[in-house]
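The values are calculated or read from the model by the stated rules, or taken from the named source; none is laboratory data. As the structure is a computational prediction, the values presented were derived from the model and not from experiment. Cβ placement follows ideal geometry from the backbone for every residue including glycine, while neighbour counts extend to all protein chains displayed.
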Amino acid sequence: MRNSKKLTFIRKLLKFSQFIDSCADKLGWLSNWVVLLTIGVGFFNVVVRYLGRFLEVQLSSNALLELQWYLFSVTFLFGCVYILRHGENVRVDFLYTTMSEKRLALVDLVGTIFF
């Protein structure tokens, strides 16, 4: 009886873990589009600024510059979740080449907790 409760609890935890992984993948997909939107807003800011100088009219606004920074921040917020889930984050490879699998896991765990 007790083992069946443990198995049920483990299955629920695995299902929750799969849900979190699915959310991380969707956030990574969304991050790709936010990058494109950020580039578009940045391009528009540059064109409007130079066009405004040429026409001697103030066409750019601080709101668009702030939007660009917020989109840039959202890119990293969503992208980090995806990168950490798939293990694509940048590592110090010259340290990793000489470590065993067990030590690599320990370094990843400590690094994730503290940094």
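Side notes on the structure shown:
- Against the list (1) of a type in the set (S, T, N, Q); (2) in a helix (DSSP H, G or I); (3) modelled with pLDDT under 90, the condition S60 fails is (2).
- Checked against (1) touching a Phe, Trp or Tyr at 6+ places or on another chain (Cβ under 9 Å); (2) exposed (fewer than 12 other Cβ atoms within 10 Å of the Cβ); (3) modelled with pLDDT of 85 or more, E88 meets all criteria but (3).
- Under the condition of being out of contact with any Ser or Thr (no Cβ under 7 Å at 6 or more places or on another chain), of a type in the set (A, V, I, L, M, F, W, C) and surrounded by 11 or more Cβ atoms within 10 Å (Cβ to Cβ), the residues counted in the range 47-68 number 6.
- Test: V81 is touching a Ser or Thr at 6+ places or on another chain (Cβ under 9 Å), of a type in the set (V, I, T) and modelled with pLDDT under 90: yes
- Candidates V35, V41, filtered to the one that is surrounded by 15 or more Cβ atoms within 10 Å (Cβ to Cβ) and either of a type in the set (G, A, S) or under 19 Å from the mean Cα position of the chain (by Cα) (or both): V35
- Selection of the range 105-115 for residues being surrounded by 12 or more Cβ atoms within 10 Å (Cβ to Cβ) and of a type in the set (A, V, I, L, M, F, W, C) yields L106, V107.
- In the set (1) surrounded by fewer than 10 Cβ atoms within 10 Å (Cβ to Cβ); (2) at pLDDT below 90; (3) in a helix (DSSP H, G or I); (4) not hydrophobic (A, V, I, L, M, F, W, C), K102 fails one condition alone, (2).
- Qualifying residue in the range 16-28 (condition: farther than 23 Å from T112 by Cα and loosely packed, with under 15 Cβ neighbours inside 10 Å): no
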